[in-house]
Amino acid sequence: MRALEQIDDWPVRHAAAGVVSGAATTSRGDTDRVFALASVTKPLVAYAVLVAIEEGAIELDQPAGPPGATVRHLLAHASGLAFDTTEVLAEPGARRIYSSSGFEVLADFVAEQSGIAFDEYLRESVFVPLGMASSALAGPAGHACRSTLDDLLRFAAELLDPRLISPQTLAEATTVQFPGLNGVLPGFGSQRPNDWGLGFEIRDGKSPHWTGTTNSPRTFGHFGQTGTFLWVDPRQGLACCALADENFGDWARAAWPLLSDAVIAEKSGA
């Protein structure tokens, strides 16, 4: 896929990008290099939580986190917790407050309920069955996964055709939770509404945005401050991942939508 050649001109030392479409996977760059994922950690953590729900270790609407909050609230950034502390800034379900600490609370809750350390739970429930041998959670559950492009493309393929959870569970996870909540999308300002699913940001009509202008409103995924992103567009039957070692900034705001639009255009043209 020629669109992926764009990463050669990114102002980064190392980059890798890939596309999954049906059974086909195309990639470019350092595909086996381990990158820090930053907040692209969150979809991986969320997926392990969804496995825990299906296994009966926890329940989606089970109380967790601050008073009145549930697992659902924590996954959807609607628990009221602050970004990086356990300070409560709002009632559960009242505002969309992007919270990395909420995912740390969630990981601790899964560990407590299952009796398994969360990094091990994530490894056994997601990384091992998907063959993500180079991936690991090496710190807080909000931002400390490390992985390779090859591994992340395996996860992207799972999101297009789930095997570890039911299609119904994935459909709920990629449907807007607590509709109508406003909030700030990190790096892109206030969004009204700021729609999220269960661990996945949902594109809907957000503008500006880190995906392309031709991504469908159903596109879901996440990006990270270390220069990483993963999106899945179920309407296009397409997923795209990119990893870099340059922190998110103006370069990414410019480059990522261009790459996304080029990938979609090339796939549509084919």
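The values are calculated or read from the model by the stated rules, or taken from the named source; none is laboratory data. Quick caveat: nothing in here was measured; it's all calculated off a predicted structure. Counting neighbours? That spans all protein chains shown, and the Cβs are built from the backbone with ideal geometry, glycine included. Note: areas computed on protein heavy atoms with side chains; ligands, DNA, RNA excluded. Shrake-Rupley method; radii C 1.70, N 1.55, O 1.52, S 1.80 Å.
The residue that is surrounded by the most Cβ atoms within 10 Å (Cβ to Cβ), among those in the range 216-237 that are touching a residue at least 40 places away in the same chain (Cβ under 8 Å) and touching a Lys or Arg at 6+ places or on another chain (Cβ under 6 Å), is His222.
Just to be sure, is Arg28 in a loop (DSSP other than H, G, I, E, B), among the basic types (Lys, Arg) and touching a strand residue (DSSP E or B) at 6+ places or on another chain (Cβ under 7 Å)? Walk me through it before giving the result.
On the way: in a loop (DSSP other than H, G, I, E, B): no; among the basic types (Lys, Arg): yes; touching a strand residue (DSSP E or B) at 6+ places or on another chain (Cβ under 7 Å): yes.
Taking the combined requirement at face value, the residue does not satisfy it.
In the condition set (1) in a strand (DSSP E or B); (2) farther than 22 Å from Arg96 by Cβ; (3) of a type in the set (A, V, I, L, M, F, W, C), Ile165 is compliant with all but (1). Here Arg163 meets each of (1) touching a strand residue (DSSP E or B) at 6+ places or on another chain (Cβ under 9 Å); (2) closer than 23 Å to Pro234 by Cα with one exception, condition (1).
Within the range 157-173, being crowded, with 20+ Cβ neighbours inside 10 Å and touching a Gly at 6+ places or on another chain (Cβ under 8 Å) holds for one residue alone: Ala173. So in the range 38-97, with the set limited to residues that are of a type in the set (S, T, N, Q) and in a loop (DSSP other than H, G, I, E, B), which one is least open to solvent (accessible area, probe 1.4 Å)? Checked the range 38-97; the qualifying residue least open to solvent (accessible area, probe 1.4 Å) is Ser79. Applying the set (1) open to solvent by 20 Å² or more (accessible area, probe 1.4 Å); (2) in a helix (DSSP H, G or I); (3) in contact with a strand residue (DSSP E or B) (Cβ under 9 Å, 6 or more places away or on another chain); (4) not polar (S, T, N, Q) to Arg146 leaves exactly one unmet item: (2).
On the basis of being open to solvent by 40 Å² or more (accessible area, probe 1.4 Å) and touching a Pro at 6+ places or on another chain (Cβ under 8 Å), does Asn247 make the cut? Considered against the rule, which asks whether it is open to solvent by 40 Å² or more (accessible area, probe 1.4 Å) and touching a Pro at 6+ places or on another chain (Cβ under 8 Å), Asn247 comes out as no. Of all the criteria given as (1) open to solvent by 40 Å² or more (accessible area, probe 1.4 Å); (2) farther than 23 Å from Ala136 by Cβ; (3) of a type in the set (A, V, I, L, M, F, W, C), the one not satisfied by Val34 is (2). If you go through the range 110-143 and pick out every residue that is open to solvent by 60 Å² or more (accessible area, probe 1.4 Å), without any contact (Cβ under 8 Å) to a residue 40 or more places away in the chain and in a helix (DSSP H, G or I), you end up with 6.
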